[in-house]
Amino acid sequence: MTRASETPADPTAGPAGVRSARALRRAADPADPTGAPGPRTPGTAGPAGRAGWRARLLAPVADRGNALHPGAWWLWALGLAVAASRTTNPLVLGLIVGVAGYVVAARRTDAPWARSYGAFVKLGLFVVALRIVFSVALGSPIPGTHVLFTLPEVPLPAWAQGIRLGGRVTAEQVVFALYDGLKLAALLICVGAANALANPARLLKSLPGALYEAGVAVVVAMTFAPNLVADVVRLRTARRLRGRPAGGVRAVLHIGLPVLEGALERSVAVAASMDARGYGRTARVPPAVRRTTNVLTLGGLLGVCAGSYGLLAAQGAGYGLPLLAAGLAAAVGGLRLGGRRSVRTRYRPDRFGPRSWLVAASGIAVAVLMIRANAYAPDALHPGVVPLTAPELPLWPALSVLPGLLPAVIAPVPPAREESSA
Amino acid sequence: MIRFENVSVTYEDAAGPTLRGVDLTVPEGELVLLVGPSGVGKSTLLGAVSGLVPHFTGGTLSGRVTVDGRDTRTHHPRELADLVGTVGQDPLAHFVTDTVEDELAYGMESLGLAPAVMRRRVEETLDLLGLAELRDRPIATLSGGQQQRVAIGSVLTTHPKVLVLDEPTSALDPSAAEDVLAVLQRLVHDLGTTVLMAEHRLERVVQYADRVLLLPDAVLGTPAEVMAVSPVHPPVVALGRLAGWEPLPLTVRDARRRAGGLKARLERRREERDPAGALPRPVPSPDRGSVPDPGPRTPHGPAPAGTRGPGADPRVSAPAASGARGSGDGAPASGKGRGGGFPLFRGRRAPAPGAPDGAGAPLLDVDRLAVRRGRVEALRRVDLRVAPGETIALMGRNGAGKSTLLSTLVGMIAPTSGSVRVSGLVPHATDPRTLIRRVGLVPQEPRDLLYAETVGEECAAADADAGAAPGTCRALVTELVPGVADATHPRDLSEGQRLALALAVVLTAAPPLVLLDEPTRGLDYAAKARLVVRLRALAAGGRAIVLATHDVELAAELADRVVIVAGGEVVADGPTAEVVVSSPAFAPQVAKILAPEPWLTVEQVEEALRP
């Protein structure tokens, strides 16, 4: 980010985090122009009257109070993912990935979960490569005339008819596999974007009260994984101190037991700490309410199962939908009632404010526009591979992806990146 | 507020009860300090107050513990959560959430406080503990002192009437420890919180206590009364007992006001022993009081009377662990470190790398070392030379780069620029099997070094790793900690025993350079004293020792030279007496009391007073 230059590396000044926290506060303080986060927000520094509505529309520096609801980010990303699932045009897919990537680049924080985006991109590329490799090795039902090369074919017995190993590889089948892989990759990257932008811990905190404690357990488990990795690294380096090579499978096997032991000890310690801090305190609930809760929750879940079966099965679609709806309603009621048993309150829950609504709406808009585009331009969105044609970028479907860029403008700007690698 | 009525706690498969017949009443608003050697049940007693013993740890509790009228027998820890705040030894094991603000709110959420109340209390607590700037930071990125403050803050927000702390300052550097203690004192004074705290580093905490509880006999009394009889006591008390001061002083300030007579006696003694007064007095350098003092880097005054050759072992003649270190020549502190000082000075004058001459070939030669991690410069332009037989203390605040430096010396981190030579080898490019015969590191958590199920297996593995004769490690263990059975699991050893085992494993390969990272964390005074004896014996045997420590008393007792690291740079490097006495943060208690006289430890004073 541009503001990194404002806090030059100066290790004598103390830990990097303290400096950037200071920078954050400076940036958050409208009276101090030195902290104004870049050229886009000079309006906040001026008196309110001068900039007026423009100042109000500018994206503020993110802090806890104005953070977007994580659900909004997920809705936005799922919208993009739905859009991606509706096309195989590599140019449109590229555009969707580009939109997601731009928003991530503009709005992701320095938090550990934000770094997962790169992993998802790599996973996407791996999926593309894998899809092509399978297509080349196993052949493809796509008829083609442009033979690229011919692999030696493995003769298979008669009972394995329909399966081919090796053989002709045509340009058409490779292009088809590429398009298909790209679609999957785009879906993955959209999920990765949501992962990078929304704090998973806060998302779990938005669960209903009855599920809150399960959510806390997941949060603890998530902070656990990095600790485990750190343990492995520490013990591996400690092996060097014993004069044993730190690498290799044997090293990992050898430290496995101590690592697990350490993890177990830590989990006991965390459990003790949670207990001593009031985890699992429950309010007294009349037995009638408790029983109703159980009946509603179990009955609701049963209803959901039966309803989904009805919807998916060949017959009975008529009562599937109402049953599903009734089951859902009962389950929600059960969860609500169950929440009464929990005395917990929420500290500063994320609110679904106007900016969250806009972010969510932008994603949904992309999805809806793309589904409609399938009606008027199906050919452009699914370019044929037989015969091979160069895909075109259809104007209107391309434009309908662009609302997805809205979060890059309206979501709160994350504070200056920390320079530390911690 | 807290009542123990004839409480005994027995853990399963323990030989006897951990606590036996404790009767105790702690009134509201007192700060009570638990003292006693390791393993007398301090943590158990603290756990009994919060209800974690026996509800969480198992074991049998007989008798009755009540906190504000609630019996812990019938109340689970979570039902005491609004009353008792507990912070354990390891703050990292305490955290449930991932950011500072969430952590502060967690306890209140569990209790179901109203959102407006929670918000207000979080802001108050952020201010009280000076955490406002860190509110959005992930907890994992905080330093040890910050984490400890967050841990304390996270239990304060529920406004508990009782605060239970297990070794709150052990892992902290001196100034971070003072921050934490200042907060505790403020709580006691302003909010009337009852604080029950166990701590090994008494020199830091005893002056804050209203009363002291001495275990295992559960003697409760004023600090002065208990300290007069306690087997564990800070140096100021030891000096007071030695000098026969009555009542016993607990703070450096009290002791200083009484120290006039003692100082005069010491002065006389020194003149008797060194009538010519020829020895240079190391302490009164013109710029006392500032740590980044270039003074110690240049030799001032003439060479010490008993001129020693450069790099000669200053203590080969001193009987190991006799406590008579350096006292042969009148000015005890000035004698130490001279031998070690010379290679350093030579290095300053002729910085030609790799040109060790004659007998003074340094074991360790660090030349303009820099280490970067991403954009962070963890170390910059570090120069360090260590000669055989020297003991060097690395000091500096948490996160200053001490551990990074030690890791670089054993090749766990490759230098970004500059060079490290250990007995002429480049550590990170050397095969670990060769390297362990040149340099050994006992890490901060000695357990990291130990893999095996039993002490016996561990020793056999260490012999195999080092290529030593079978039985070498076992013999070292027996020498360092007599009475540890082969079949014991390393986890069941006490902190001190585990440290000794790790040290034995490292020494099996007989490296001439031994590094220790925070060796006294969690050790009581007795274990620390044993460690000091062992390390002195090693140094007397010609080994060089480098220890990174926050423990100023340890540095004063052991080190010939102190190197202070700040922000990845060496800001002071010189004989212990010069560097340590001139610093308010790093001076040991005896030095503060007897300044400007050059005494650092009670042992030296005792030796000097001996007829």
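The values are calculated or read from the model by the stated rules, or taken from the named source; none is laboratory data. Being a predicted model, the structure only gives us computed values, none of them experimental. Glycine also receives a Cβ, built like all others from the backbone with ideal geometry; neighbour counts cover every protein chain displayed. Calculation scope for accessible area: heavy atoms of the full protein, side chains included, ligands and nucleic acids excluded. Shrake-Rupley method; radii C 1.70, N 1.55, O 1.52, S 1.80 Å.
Compactness ratio of chain B: Cα Rg over 2.2 N^0.38 Å, N = residue count?
Rg over 2.2 N^0.38 Å, computed on Cα atoms: 0.99.
So for the range B:2-233, Kirkwood radius off the Cα pairs, Stokes-Einstein at 25 °C and 0.890 mPa s: how many µm² s⁻¹?
This corresponds to a translational diffusion coefficient of 137 µm²/s.
Select from B:Ala461, B:Cys473, B:Val563 the residue farthest towards the positive end of the dipole of the protein assembly as shown; place +1 on Cβ of Lys and Arg, -1 on Cβ of Asp and Glu, and compute about the Cα centre.
Of the listed residues, the answer is B:Val563.
Based on DSSP H runs of at least 4 residues, each adding -39500 (n - 2.57), what is the mean residue ellipticity at 222 nm of the protein assembly as shown after dividing by all its residues, to the nearest 500 deg cm²/dmol? If you can, show how the numbers build up before the last one.
Details: 39 runs with 469 residues, N = 1033.
It lands at -14000 deg cm²/dmol.
Quote the Stokes-Einstein diffusion coefficient, in whole µm² s⁻¹, for the protein assembly as shown, based on the Kirkwood radius over alpha carbon pairs, a temperature of 4 °C and a viscosity of 1.567 mPa s.
Using the Kirkwood radius from Cα pairs, D works out to 39 µm²/s.
Might you tell me the accessible area per residue for the range B:2-233, computed with a 1.4 Å probe and given in Å²?
That works out to 34 Å² for each residue.
Give me a comma-separated list of calculated 3J(HN,Hα) values for the range A:102-116, in order, Karplus coefficients 6.51, -1.76, 1.60 applied at θ = phi - 60°, integers in Hz, x for any Gly or Pro.
Those phi angles translate into 5, 5, 4, 4, 7, 10, 8, 8, 9, 5, x, 5, 5, 7, 6 Hz.
Got a sec? Charge dipole of the range A:207-276, +1 on Cβ for Lys and Arg, -1 for Asp and Glu; which of A:Pro245, A:Val219, A:Leu207 is way out at the positive end?
Farthest towards the positive pole: A:Pro245.
Considering only DSSP states other than H, G, I, E and B, which GluC sites (Glu not before Pro) in the range B:416-480 qualify as loop sites with at most 15 other Cβ atoms within 10 Å?
B:Glu453
How large is the dipole of the protein assembly as shown about the Cα centre if only Lys and Arg carry +1 and Asp and Glu carry -1, each at its Cβ, rounded to the nearest 20 debye?
Numbers: 110 positive and 93 negative charges, 416 e Å.
Once rounded to the nearest 20, the dipole reads 2000 debye.
Could you report the buried accessible area between B and A, both sides summed, computed with a 1.4 Å probe and given in Å² to the nearest 100?
5700
When 1/r is averaged over all different Cα pairs and the result inverted, which Kirkwood radius in Å belongs to the range B:450-510? Mind showing how you got there, number by number?
On the way: mean 1/r = 0.0915 Å⁻¹.
Result for the range B:450-510 stands at 10.9 Å.
From the protein chains alone at 1.4 Å, what is the descending order of accessible area for B:Asp210, A:Asp275, A:Asp379, largest first?
So the residues, ranked largest to smallest area, are A:Asp379, B:Asp210, A:Asp275.
Under the Karplus relation 6.51 cos²θ - 1.76 cosθ + 1.60, θ = phi - 60°, what is the ordered set of whole-Hz ³J(HN,Hα) values for the range A:191-196, x standing for Gly and Pro?
3J(HN,Hα) across the range A:191-196, in whole Hz: 4, x, 5, 4, 4, 6.
Dipole of chain B, Cα-centred, from +1 at each Lys and Arg C-beta and -1 at each Asp and Glu C-beta, to the nearest 20 debye? Could you put the intermediate results ahead of the total?
Numbers: 66 positive and 74 negative charges, 411 e Å.
Roughly 1980 debye for chain B.
Which value results for Rg/Rh of the range A:287-339 when Rg is the Cα radius of gyration and Rh the Kirkwood radius based on the inverse mean 1/r?
Rg/Rh: 1.11.
If ligands, DNA and RNA are left out, what is the accessible area of B:Thr57 with a 1.4 Å probe, given in Å² to the nearest 10?
Answer for B:Thr57: close to 80 Å² accessible.
Take the alpha carbon gyration tensor of the range A:265-364, find the square roots of its eigenvalues, order them as a ≥ b ≥ c, and report rounded if a/c is under 1.5; if not, report prolate when a/b exceeds b/c, else oblate.
Oblate, since a/c reaches 1.5 and b/c is not below a/b.
With θ set to phi - 60° and the Karplus curve 6.51 cos²θ - 1.76 cosθ + 1.60, what are the ³J(HN,Hα) couplings of the range B:565-576 in order, to the nearest whole Hz, using x for Gly and Pro?
10, 9, x, x, 10, 7, 9, 8, 8, x, x, 3
Taking all protein chains in place and a 1.4 Å probe, what share, in percent, of the accessible surface of the protein assembly as shown do carbon and sulfur account for?
60
Give me the percent relative contact order of chain B, please, defined on Cα pairs under 8 angstrom at least 6 residues apart.
15
Quick one: the Cα spread of the range A:51-187 along its three principal axes, in angstroms, biggest first?
The Cα atoms of the range A:51-187 stretch 75, 28, 22 Å along their principal axes.
Please calculate the 1.4 Å probe accessible area of A:Lys205, with all protein chains present, and give it to the nearest 10 Å².
The accessible area of A:Lys205 comes to roughly 50 Å².
Along the positive direction of the dipole of the protein assembly as shown (beta-carbon charges: Lys, Arg +1; Asp, Glu -1; about the Cα centre), which of B:Thr97, A:Val154, A:Asn374 reaches farthest?
Ranked along the dipole, the leading option is A:Asn374.
Could you pull the accessible area for B:Thr25 with a 1.4 Å probe, rounded to 10 Å²?
Solvent-accessible area, nearest 10 Å²: 70 Å².
Using a simple charge model, +1 on the beta-carbon of Lys and Arg, -1 on the beta-carbon of Asp and Glu, nothing else, what dipole does the range A:207-276 show about its Cα centre, in debye to the nearest 20?
Using Cβ point charges on Lys, Arg, Asp and Glu, the range A:207-276 gives about 720 debye.
Suppose we keep just the alpha-carbon trace of the range A:208-290; what are its Rg and Dmax in angstrom?
Expressed in Å, the Cα Rg and Dmax of the range A:208-290 come to 19.0, 66.
Amide H neighbours of B:Leu516 under 5 Å, at least 5 residues apart or on other chains, H built in the peptide plane: list them.
B:Val442, B:Val546, B:Leu547, B:Ala548
With a 1.4 Å probe and all protein chains left in place, how much accessible area per residue does the range B:450-510 have, in Å²?
38
Using only Cα positions of the range A:159-312, each an equal point scatterer, no hydration layer, compute I(q)/I(0) via Debye at q = 0.14, 0.18 Å⁻¹ and quote the log10 values to two decimals.
Log-scaled intensity ratios, in q order: -1.05, -1.15.
When only alpha-carbon atoms count, how far does the range B:102-159 stretch along each of its three principal axes, as whole angstroms with the largest first?
Sorted largest first, the three principal extents are 31, 19, 18 Å.
Please list, or write none, the lysines whose alpha carbon is within less than 27 Å of the alpha carbon of B:Lys592, excluding same-chain residues fewer than 8 places away.
Cross-link targets: B:Lys263, B:Lys336, B:Lys402, B:Lys528.
Below 24 Å, Cα to Cα, which lysines can A:Lys183 reach? Residues fewer than 8 away in the same chain don't count.
Within reach: A:Lys122.
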